[in-house]
Amino acid sequence: MIVLKTAEEIELMALASKIVAEAQQVLLKEVKPGITTLWLDTVAEECIRDRGGTPAFKGYRNYPNTLCTSVNEEVVHGIPSGRILKEGDIIGLDLGAIVHGFYGDGAITVPIGPIPQPVATLLRVTEEAMTRGIKQAVVGNRLSDISHAIQTGVESFGFSVVRDFVGHGIGRQLHEEPQVPNYGRPGQGPRLQVGMVLAIEPMVNMGSPHVKVLEDRWTAVTQDGSLSAHFEHTVTIQPSGPPRVLTAL
Ligand code: MF3
Ligand code: CO
């Protein structure tokens, strides 16, 4: 069942999502060669708590941290550690916040210093695919119109869309119905309606779409070792026009 949100509930989700967006801005300034992923986690947790939010991931299914830090071939759910970032790495920063029981969820992937042009293209294409998907999140469209727009945006550049993880409805829970795959035929699934809130989050690999989960039971990596990028916004379906992107500043 898809739980529709009232206007008041959406304002709480907007507050949670704004905290996510502000934390991302702070993290962007911290990301540089020589720092550890655990330092970024500390910064993210402080940002969220300073603004009156609660980290959404910490304790979720026993996840240990505030932030997911996914470096290079890590796709999602990388656990912050003493790993030191170096020039040429890319890092996915995924975080969520809770305000008065409502969630916001967002992710960005950023370069550490200069990166080769094909890697910069991977980041740009992934973010643009998310934007293409978001543009389809309008009343009257069907859910898979989002999925299809993302997939075609990615594959036209020769990259691949991860199948094993998907976007999701979000509200009083981090993960609600419906699942939002980043691939599929258009015109399928539920019709989008006012009050739906979706986390749209393509994960894109340079090589094959296949992933595996490491021994830590969280970190997903590409099977072929190719680089991977991830962007995510929490968006609401509006009565008319494009969606409201809650995790944008
Ligand atoms: N943005 C991711 C998601 O929506 C992050 C979840 S990490 C977890 O699934 F630790 F909370 F599981
Ligand atoms: Co999410």
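Just one of the listed residues (SER147, SER156, SER208) is in contact with a Ser or Thr (Cβ under 7 Å, 6 or more places away or on another chain) and among the polar types (S, T, N, Q), and it is SER208. Screening segment 232-245 for residues that are open to solvent by 10 Å² or more (accessible area, probe 1.4 Å) and within 16 Å of ligand 1 (Cβ to nearest atom) and picking the one that is farthest from THR69 (Cα to Cα) gives VAL245. Contact map, segment 146-173: first residue closer than 24 Å to PRO55 by Cβ and within 15 Å of ligand 1 (Cβ to nearest atom), second residue acidic (Asp, Glu) and open to solvent by less than 10 Å² (accessible area, probe 1.4 Å), Cβ cut-off under 7 Å, separation 6 or more or different chains; pairs are ILE170/ASP105.
If the Cβ limit is 6 Å and pairs must be 6+ apart or interchain, which residue in segment 103-115 that is under 13 Å from GLU232 (Cα atoms) pairs with which residue that is open to solvent by less than 30 Å² (accessible area, probe 1.4 Å) and near ligand 1 (Cβ under 9 Å from one of its atoms)? As it stands, the answer is ASP105/GLY96; ASP105/ILE170; ASP105/ALA199; GLY106/GLU232; ALA107/ASP94; ALA107/HIS230; ALA107/GLU232; THR109/HIS230, since those pairs meet every condition given. For ALA16, the stated conditions do not hold, so it cannot be described as assigned to a strand (DSSP E or B) and either surrounded by 15 or more Cβ atoms within 10 Å (Cβ to Cβ) or among the hydrophobic types (A, V, I, L, M, F, W, C) (or both). No other residue among GLN188, GLN179 is exposed (fewer than 14 other Cβ atoms within 10 Å of the Cβ), touching a strand residue (DSSP E or B) at 6+ places or on another chain (Cβ under 9 Å) and not acidic (Asp, Glu) apart from GLN188.
Consider GLU215 carefully, then state whether it is among the charged types (D, E, K, R) and crowded, with 22+ Cβ neighbours inside 10 Å. Judged against the criteria, GLU215 is not a match.
State yes or no: is ALA229 within 13 Å of ligand 1 (Cβ to nearest atom) and open to solvent by less than 10 Å² (accessible area, probe 1.4 Å)? So ALA229 does not fit the description; no. Only residues that are closer than 16 Å to SER17 by Cβ and out of contact with any strand residue (DSSP E or B) (no Cβ under 6 Å at 6 or more places or on another chain) were counted in segment 148-170, giving 0.
The lone criterion from (1) within 11 Å of ligand 1 (Cβ to nearest atom); (2) within 19 Å of SER160 (Cβ to Cβ); (3) of a type in the set (Val, Ile, Thr) left unmet by VAL211 is number (1). With respect to (1) away from ligand 2 (no atom under 16 Å from the Cβ); (2) in contact with a Lys or Arg (Cβ under 6 Å, 6 or more places away or on another chain); (3) small (Gly, Ala, Ser), the lone exception for GLY171 is condition (1).
Selection of segment 49-63 for residues being assigned to a helix (DSSP H, G or I) and either surrounded by 15 or more Cβ atoms within 10 Å (Cβ to Cβ) or in contact (Cβ under 8 Å) with a residue 24 or more places away in the chain (or both) yields only TYR60.
Is it true that some residue in segment 189-205 is of a type outside the set (Gly, Ala, Ser) and under 21 Å from ASN62 (Cβ atoms)? Looking for residues that are of a type outside the set (Gly, Ala, Ser) and under 21 Å from ASN62 (Cβ atoms), one finds none in segment 189-205, hence no. Looking across segment 116-144, the residues that are of a type in the set (A, V, I, L, M, F, W, C) and either open to solvent by 40 Å² or more (accessible area, probe 1.4 Å) or assigned to a helix (DSSP H, G or I) (or both) come down to VAL119, ALA120, LEU122, LEU123, VAL125, ALA129, MET130, ILE134, VAL139, LEU143.
Output the residue which, of all residues in segment 64-107 that are closer than 18 Å to ILE19 by Cβ and in a loop (DSSP other than H, G, I, E, B), is least open to solvent (accessible area, probe 1.4 Å). Within segment 64-107, the match that is least open to solvent (accessible area, probe 1.4 Å) is THR66.
The values are calculated or read from the model by the stated rules, or taken from the named source; none is laboratory data. The structure displayed is predicted, hence computed values, not measured ones. Quick reminder, even Gly has a Cβ in these numbers, built from the backbone with ideal geometry, and neighbours come from all protein chains shown. The accessibility values were calculated without ligands, DNA or RNA, using every heavy atom of the protein model including side chains. Shrake-Rupley method; radii C 1.70, N 1.55, O 1.52, S 1.80 Å.
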